[in-house]
Amino acid sequence: MKISVFFVCCFSSLIGFSQIQGDGGELISSNNPIVLGEITPIFFNSPNIKQLRAEDASEDEKGSKPWRFGYNHETNLNLLNSGNWFTLPDGAKLWVLKITSDKAQTINLTFNNTRIPSGNELYVYNPDKSFILGKFTQKHIYDGQLGTELIPGETVILEYYVPANNSSNVGSLNIEKVTHGYRLVDEFVEKAFGQAGSCHMNVNCTDGVPFSDQKRSVIMLVSGSNGFCSGA
């Protein structure tokens, strides 16, 4: 089953948004003596961007597939084979994973086989903490799956918090895709702007006033972890 992550169409830029997905909350590492800079990242080489863009030029013209913005690195990163576990002063545990995809403009993650027991929390953010997703709990998981929004930059950090009273109920996380973004939302919007036919009504003009509810229902979604398309 392909996972889709939804975005409102008015995203003109990824930079400047923070705490979008999830319920909010404070990063556990902010109040604990954990030196994130000492964690060795999982490193992915940059894909062949020139080749990908050549393929995109052909596919974009056809318009028969989602507009590809990224390359999917297929992975199997989980709590057992990746990252670092820290024990906090109160007996709680914190799993931290850093991922770098060389020269990526954005990174988004796709999880499968994921279960977050009550009390546990997952956060995903960039190194300067200007873009934070979370907290994620079990209510954000569908059929074991979770897809993150696009995080600016070439490095993301994950924090998974397990309180002391959940030491025997850690749950499970598995990242099946790390998507290296090489095209931004701005490029998608720029290419789409002005492509309407002469018979199409501009919903932001007077003629579109009766359709104000409908225009607010339009969304952008991520399909297959690495492509944009629209929906309602």
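The values are calculated or read from the model by the stated rules, or taken from the named source; none is laboratory data. Keep in mind that this is a model prediction, so the values were computed, not measured. The protein model used for the area step is the full one, side chains on, heavy atoms only, and it has no ligands, DNA or RNA in it. Shrake-Rupley method; radii C 1.70, N 1.55, O 1.52, S 1.80 Å.
Computed on segment 99-158, the Cα convex hull volume stands at 76 Å³ per residue.
Please arrange W95, W85 by accessible surface area, largest first, computed with a 1.4 Å probe and ligands excluded.
My answer, sorted largest first, is W85, W95.
If you bin all the Cα-Cα distances of segment 23-165 at 10 Å, starting from zero, the percentages per bin are 10, 38, 33, 14, 5, 1.
The slack in the chain from K129 to A57, taken as 0.36 nm per residue of separation less the alpha-carbon distance, amounts to 22.5 nm.
For Y123, the solvent-accessible surface computed with a 1.4 Å probe is close to 0 Å², ligands and nucleic acids excluded.
Just subtract the alpha-carbon distance of E74 and D90 from 0.36 nm times their residue separation and send over the number in nm, one decimal.
That pair, E74 and D90, stretches by 2.1 nm at full extension.
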